[in-house]
Structure formats: structure tokens, C-alpha cells
Amino acid sequence: MVRKSTVIAGLMLVIVFFWSTPFLWTLVASFRPDNSGGIHMASLLPDFVPTWANFAEAFESGDFAVYYVNTAIVAFGILAIQIVTISLAGYAFARLDFPGRDFIFYVFLLQLMLVPPILIVPNLRTVVDLGLYGSLLGVMLPYFASAFGTFLMRQTFRQIPRDFEEAAFIDGAKWWQVLWHVLLPMAKPGLIAFALVSLMAHWNEFLWPLMVLNEPSKQTLTIGLASFALGTEGGKEWGLLAAGTLLVMFPLLALFAVFQRQFVNSFMFSGLKG
């Protein structure tokens, strides 16, 4: 008699195979020595000698070095400001008592229910009025505050016993010293989780940078990849297109592979189970 766990494991393997097939094809196609194979299941078979030529050509012809720098400035710049804003807001909602605290917090969370494209027009007008249109700072500005990050840090701070900060207050520490030296080091799992979510979201952002940036030298990876794809698809250069796609994906894949355990543990620590 077949055990239930064996059947479930088999079904999961089938699902994983079909889910990963596009990625496997992209991986194999990027190492193909020629671009004549087209798209078909046989191209998944490694019946060739892998080559890095597609990656070298894609990196040179697509200005990926410029795209990487711009994307890193946007993604890590946003994250740096967000760490400050969500930490202060999370601390206020978790530890400070003031009139209407819970009501303000729930109103703040309404941002999570807004579809991002709805805010494109007002955000774009604000960026233009501030003279930031066409700049990387204009891309970063609307994301300096995060409702999700505030919620996550509030939950994380609420899981930390008050005994630690009360002991610091008794020793004469100020509130910002308690936040910096006591709460934030203990909230590292929550910060890591938010950092991964934020970096992935803004690394892959396409529509908003497309609306704000109007110079090729300021383009991010997603916009650059779209322009690069338009050139390669015309010649059916699937190897180049696959290589360019992996150049965009690889930093995120590596980041998640390194921090995946901390990512999962952080949500358990912050009380966001199930």
C-alpha cells in the first residue's frame, strides 16, 4: 500500500518540475553555443558544451554595468531610508501610548489595499513639481515609507519583552538609545525579512521607473532588459535573451539563497505565522 506521504511527495515533485521548467529552459538556453535551437522541450537536454559567450556578449551590448549601478542605487537607497522610517514608526506603534494610536495604525495599513498603479499619476505630479523627474531620486521618493515594513516592525517589537528596555531606561538611556542599542539588534530577523522583500520588489520594479526615467544612462535593469529584449527577439537570439534575463535574476537568487533561513525564521519570530 502506497503511503500518503509518498503520494504527496510525488505530486510535489511533479509541480516543482512544471513550475521550474521555464527557469531550466532559460538556464540551458543561456549556455547554448548557438541561437538556432528555438524554443522547444528538446532544448532542455544538455547535449552541448556550455559556453559563457552569451553572457559576455549580453553584458557588453546591453550596458548592464550601468543598469546594475542604477538599480543598486535605487534599491539600496530606498532600503536605507525605509529602515529608518519603519523602525521609528514601528517603535511608535508598538511602544508609545498616544491618543488614537490603534486607529492611526489601521488607517496607515490601508496603504496595503491600494493597487500601486492607482498612485502613479499623483506620485508623478509630485515628482515633477519637486523637480525630480528623470532622476533616480524621483524613482526612490514614493517608497521612503512602507506600510508593510511598519506593520512588520511593530509586530517584531511587540514580541520583544519590555524588561530589556525598562532596564535600559533605569540606567538612564534615552528612547533613541534604547531603540538603537536594545530593540534593533534584537529585531534583526524582522529587518532581514523586510530587507529581502524590499530589495526584491524594487530590484524588479518596472512601471514606475519607466514613467520617471527618460535617459538611457539612468535606466534600471528591468527597463534595460526590456530594451535589450526588443533587439534580441527580432533575430531570434534566444541565448542572448536568456543570458540577459539571468543577469537580472542572479543577484536576487543569490541573495535569497544566502538568507532564506533567516527570511523564514523572521516571520516566525515576528508572530506572522499562518
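The values are calculated or read from the model by the stated rules, or taken from the named source; none is laboratory data. Because the structure is predicted, anything quoted here is derived from the model rather than measured. Neighbour counts are summed over all protein chains in view; Cβ atoms, including those assigned to glycine, are modelled from backbone coordinates with ideal geometry.
Just wondering, is there one or more residues in region 167-186 that are at pLDDT 85 or above, part of a helix (DSSP H, G or I) and basic (Lys, Arg)?
no
Step by step: first the residues of region 1-33, then only those that are of a type outside the set (A, V, I, L, M) and outside any helix (DSSP H, G or I), then the one that is farthest from the chain's Cα centre (by Cα). Which residue is that?
Only one residue tops the list, namely Arg3.
Name every residue in region 154-183 that is crowded, with 19+ Cβ neighbours inside 10 Å, out of contact with any Lys or Arg (no Cβ under 7 Å at 6 or more places or on another chain) and either among the hydrophobic types (A, V, I, L, M, F, W, C) or free of Cβ contacts under 8 Å to residues at least 24 places away in the same chain (or both), in order of residue number.
Val178, Leu179, Leu183
With Ala42, Ala94, Ala65, Ala58 as the choices, which residue is modelled with pLDDT of 80 or more, assigned to a helix (DSSP H, G or I), out of contact with any strand residue (DSSP E or B) (no Cβ under 7 Å at 6 or more places or on another chain) and surrounded by fewer than 17 Cβ atoms within 10 Å (Cβ to Cβ)?
Result of the check over Ala42, Ala94, Ala65, Ala58: Ala65.
Name the pairs whose Cβ atoms lie under 8 Å apart, with the first residue in region 111-134 and not assigned by TED's automatic domain parsing to the domain that holds Lys218, the second at pLDDT 95 or above and part of a helix (DSSP H, G or I), and 6 or more positions between them or separate chains?
Cβ pairs passing all conditions: none.
List the number of the failed condition for Ala147; all other conditions in (1) buried (at least 17 other Cβ atoms within 10 Å of the Cβ); (2) at positive phi hold.
Result: Ala147 fails condition (2) only.
Quick check on this structure: which one of Thr232, Thr245 is part of a helix (DSSP H, G or I), crowded, with 17+ Cβ neighbours inside 10 Å, modelled with pLDDT under 85 and touching a Leu at 6+ places or on another chain (Cβ under 9 Å)?
Thr232
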